[in-house]
Amino acid sequence: MHTEFEAQYLEAYEKYADAIFRHCFFRLMDRDRARDLTQDVFLRTWEYIGKGTKVENMKAFLYRVANNLIVDSVRKKTAVSLDFLHEHGFDPSDKSHHATGIRSEMHEVLRHLESIDVQYRDVVLLRFVDGMGPKEIAEVLEESENTVSVRLNRAIKKIQEVMRIDM
Amino acid sequence: MEKFSLKQLVSVLQKISLFPEEKRVMRERLLLHIRNNPVRSNTPQRLHIAKPAFFFTRLTNNLQFMPIILILALLVGGSVSYAAEGSLPGEALYAVKTNINESVRTIVAFSDEARASLEVSLASERLEEAEELAVTGKLDAETRAKVEKNFETHARGARERLTKLGEEKKFDAAMNVETKLDATLLVHEEILTDLGIEKKEIKDSVESIVVKVRAVSTNTGGEKATKTTLSMGARGDTSTSTHANVSSAEGRMGAAENKMEEVRKYLASRRDTVSAEIAAMADAKMKLAEHAFAEAKVKMEARSYDMAVTLFQSAMRLAEAAKLSLKVRSGLQINLHPQTGNTVFTTDEEIKEKKGTGSEDNKDDEKPQDKKESQEEGDIRGSLDADGEIKTGNTDVGVGAEIKTNLKLQINP
């Protein structure tokens, strides 16, 4: 009977856990916190569907829960300094990097991400790293689609300035 | 500073992810949490609440329909009855499920249509139980015989009630139930046959069940009678007219439209949670349904109301089949029986294999088959166009079975 709920839930975990973790990481700049938060996202999601409420769009739902938890978490913690980032934001044994070359790129990128306005950074992450369209982003951030579009355009302009990236 | 492209930027960023170890550990923690905090819902997906088949909507997930579980709980002392719902033949609580839970559902099914619909649901559930057991390799000969017997009882019961509905001139109700029955038989035959192909060790037992399923669908005796009654119904209630009229065709069109919309919403909501193959199978059926619907409308405009009604029925049946197919297949994907808690990891690997990340035997068996399936369903479409009509009822079941069991079948337009 509840076999189906469990099955769906675990499938959603397999499918989205990494993406949620990645999203949390870029917003918190802390691997450990990101991991804990990811777990919280899934715990809360289970509570919600455990009540029998149907979830229309699991992906958007997970991101929304994550977003809310991130916002709460950020409010509680003070801003992370750049040095702290360099010390703790990277796990030296992080196997997802193949060579130091990439890591220094990452440094660069993360430094710039940090410098951009938080709101711009979030939409950029959701758009380019999480691969969402404006409509989905609006659902996740619980804003209007219009607001999101406007913010996206401004964010992209900002990034182009700051990072001198070809878009 | 070096200029780099957006693509590079994104690919760099996307390298961040959980370590496999981290992911696994988290999963175990979540699983533990799930076990300790089971679903508290009172409307689990597989509990078919007796309802007029026509008006099935997402309302059944609504807490509005909780009362039936409360009734069950009151009558039987709550958690036992509830826990029994998911039980399978061979388990202690199975007796509770078949004797008590299902009796209550029968009592609560007030109208003849609801009762007939319930028989169909019960027949379907017997087959689902067999399929679950087959998947976990627990389907022994004795259990299988029991399942077959129970299935036959319910299926024939459904047929009898159908005939009765026809006699009482409740043609709309009869057609709704017949649609559901045909869809159920079609889907389970497909699934059972697929299981037989996937897991060769259970092939024989599965085939035995398939034979029984087919027997019900091509049961000439009761079936012929039903068809006659229904075709009379298509002609409208008055015995003077010899053909279906506009209003009865419009009625069936409305029914088909509602069903198709319901199934579309269902598929949309579940799409993310099932594998691509399962979703594709359901989509293929929906496409056939839409095709039938479109053809039906053409017939209506041409004033061939008999044909229109038949085709609307086909559309409705195919839509129902799409939904049932998704539902049952996704339920079978991971079997999370409390006694075999560890199986969850092996079956996950199976799923990964199915999704093409592994390279075991399963994958080789499955992939070509899936491709063939969608290809052949495309061929059916082709043959439908050429013939200009869609065969209904039993013939569809026959065609479906042919595809699955004889992969070399050439469907000639």
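The table that follows gives values for the structure above.
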{"quantity": "Those residues of the range B:13-40 which are farther than 20 Å from A:Arg31 by Cα, at the interface with chain A (Cβ under 7 Å from one of its Cβ atoms) and aliphatic (A, V, I, L, M), in sequence order", "calculated": "B:Ile34, B:Val39"}
{"quantity": "Number of positions in the range A:13-34 that are closer than 28 Å to B:Ser269 by Cα and open to solvent by 10 Å² or more (accessible area, probe 1.4 Å)", "calculated": "6"}
{"quantity": "Test: residue in the range B:179-196 that is modelled with pLDDT under 85, among the basic types (Lys, Arg), on the phi < 0 side of the Ramachandran plot and out of contact with any His (no Cβ under 6 Å at 6 or more places or on another chain)", "calculated": "no"}
{"quantity": "All positions within the range B:270-326 that are within 14 Å of chain A (Cβ to nearest Cβ) and in contact (Cβ under 8 Å) with a residue 40 or more places away in the chain", "calculated": "B:Arg270, B:Thr273, B:Val274, B:Ser275, B:Ala276, B:Glu277, B:Ile278, B:Ala279, B:Lys323, B:Leu324, B:Leu326"}
{"quantity": "Which numbered condition B:Lys169 fails, given (1) of a type outside the set (Val, Ile, Thr); (2) open to solvent by less than 10 Å² (accessible area, probe 1.4 Å); (3) at positive phi", "calculated": "(2)"}
{"quantity": "Residue count, the range B:172-201 (criterion: within 21 Å of the chain's Cα centre (by Cα), farther than 18 Å from B:Val216 by Cβ and open to solvent by 20 Å² or more (accessible area, probe 1.4 Å))", "calculated": "3"}
{"quantity": "Hits in the range A:21-31 (condition: at pLDDT 90 or above and over 15 Å from A:Val71 (Cβ atoms))", "calculated": "A:Phe21, A:Arg22, A:Phe25"}
{"quantity": "Test: B:Glu129 is within 19 Å of the chain's Cα centre (by Cα), open to solvent by less than 10 Å² (accessible area, probe 1.4 Å) and either at pLDDT 85 or above or closer than 23 Å to B:Ala84 by Cα (or both)", "calculated": "yes"}
{"quantity": "Single residue of B:Ala255, B:Ala249, B:Ala292 found to be at pLDDT 90 or above, open to solvent by less than 20 Å² (accessible area, probe 1.4 Å) and farther than 18 Å from B:Val328 by Cβ", "calculated": "B:Ala292"}
{"quantity": "Any hit, the range A:123-135, residues being at pLDDT below 90, within 10 Å of chain B (Cβ to nearest Cβ) and loosely packed, with under 14 Cβ neighbours inside 10 Å", "calculated": "yes"}
{"quantity": "All positions within the range B:11-34 that are crowded, with 16+ Cβ neighbours inside 10 Å and β-branched (Val, Ile, Thr)", "calculated": "B:Val12, B:Ile16, B:Ile34"}
{"quantity": "Test result for A:Asp36, more than 8 Å from every other protein chain (Cβ to nearest Cβ) and either part of a loop (DSSP other than H, G, I, E, B) or without any contact (Cβ under 8 Å) to a residue 24 or more places away in the chain (or both)", "calculated": "yes"}
{"quantity": "The listed residue being assigned to a loop (DSSP other than H, G, I, E, B) and not aromatic (Phe, Trp, Tyr), out of A:Glu56, A:Glu6, A:Glu14, A:Glu47", "calculated": "A:Glu56"}
{"quantity": "The one condition in (1) within 7 Å of chain B (Cβ to nearest Cβ); (2) touching a residue at least 12 places away in the same chain (Cβ under 8 Å); (3) not charged (D, E, K, R) that A:Ala7 fails to fulfil", "calculated": "(2)"}
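Residues are listed down the side, and each one gets a yes or a no for (1) modelled with pLDDT of 85 or more; (2) of a type in the set (D, E, K, R); (3) open to solvent by 30 Å² or more (accessible area, probe 1.4 Å):
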| residue | (1), (2), (3) |
| --- | --- |
| B:Glu91 | no, yes, yes |
| B:Ile107 | no, no, yes |
| B:Ser111 | no, no, yes |
| B:Ala116 | no, no, no |
| B:Ala123 | yes, no, no |
| B:Gly137 | no, no, yes |
| B:Asp140 | no, yes, yes |
| B:Lys149 | yes, yes, yes |
| B:Ala155 | yes, no, no |
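The values are calculated or read from the model by the stated rules, or taken from the named source; none is laboratory data. Quick caveat, the model's predicted, so the values are computed rather than measured. Methodologically, a virtual Cβ is constructed for each residue, glycine included, from the backbone with ideal geometry; neighbour enumeration extends over all protein chains shown. The accessibility values were calculated without ligands, DNA or RNA, using every heavy atom of the protein model including side chains. Shrake-Rupley method; radii C 1.70, N 1.55, O 1.52, S 1.80 Å.
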